[in-house]
1. With all distinct Cα pairs included, what does the Kirkwood hydrodynamic radius of the range 2-116 come out to in Å, to one decimal, could you say?
2. Mind checking the angle between helix 118-131 and the chain's longest principal axis? C-alpha axes, 0 to 90 degrees, to the nearest 10.
3. Charges at C-beta only: +1 for Lys and Arg, -1 for Asp and Glu. How large is the resulting dipole of the chain about its Cα centre, in Debye rounded to 20?
4. Once you mark the GluC sites (Glu not before Pro) that are in a DSSP loop and have at most 11 other Cβ atoms within 10 Å, what is the longest gap between them in the chain?
5. With axes computed from alpha carbons, what is the tilt in degrees of helix 76-88 against the longest principal axis of the chain, rounded to the nearest 10 within 0 to 90?
6. Of Val98, Val135, Val72, whose Cα points farthest to the positive end of the dipole of the chain (charges on the beta-carbon: +1 Lys, Arg; -1 Asp, Glu; origin at the Cα centre)?
7. Can you find, among Thr83, Leu161, Val43, the residue farthest towards the positive end of the dipole of the chain? Put +1 on the C-beta of Lys and Arg, -1 on that of Asp and Glu.
8. Sort the range 1-59 into rounded, prolate or oblate with this rule: let a ≥ b ≥ c be the square roots of the eigenvalues of the Cα gyration tensor; rounded if a/c is under 1.5, and if a/c is not under 1.5, prolate when a/b is larger than b/c, oblate otherwise.
Amino acid sequence: MRIAILGLGDFGFSLAYWLHALGNEVIAIDKSADIIQRIMENVSKAIVADATDREVLEEIGIRDVDVVLIAVGRRLETHVLLTHYLREIGIPRVMVKVADEEQGKILRLVGATDVVQPDRDIAAKIAASLTFPNVIEYVPLEGQVRILALKAPEGLIGKALQDMKMVANEHIQVLAVDPAGRDKRPFIPAPDYTVAAGDTLVVMGDLADLLQTLKQQ
């Protein structure tokens, strides 16, 4: 996949590094020569330039990328104009780093396919892991829907999924089980699957329902 990162703050820099490490072709753009010097060996192409300048973007072949992440500055006006321009020239996927949900709503209206709030998402993940030590991963989706990966709490061990009230009422879905034991692979469980000690459950549901279930265990 060919990805352009516009702006290399802490988030943009880390994302560029890991996207390239995972085998993607990454073009990184930032005004700072020092930052470009630091990232250049860890991306496909690193360019010192104003990432908000349309002429610059045209020169680097922005029309040929699959995804653009806008992580430059904090001005909503800049993000709106860039998003509109990128969608207008046919970029399939435009992601924008936003400061809050209101910005996200506005940017979706002008064409952003994805909005991300790294500070909020990281804070939510840390809060979940501190409150519920069994939680391994926390992924926010649209609205209040969340996906959690958690070590099976003691209160669930030995119970069949279909016997759990919230699961039976379809308020929470168990998407997968990563069973205890290195020689076993993750699988999609049947309703009569009995939770074992050491299992990791991947569950999805409304945040309020998930919290209620976790507090009961």
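1. 13.8
2. Roughly 20 degrees, rounded to the nearest 10.
3. It comes to approximately 340 debye.
4. Here the longest segment lacking exposed loop sites spans 1-141.
5. 90
6. Working it through, the farthest residue towards the positive pole turns out to be Val135.
7. Leu161
8. Oblate, since a/c reaches 1.5 and b/c is not below a/b.
All of the numbers you see were taken from the coordinates with simple rules; none came from a lab. Not measured: the values here are computed from a predicted model. Using ideal geometry, Cβ is built from the backbone for each residue, glycine included, and neighbour counts are taken over all protein chains shown.
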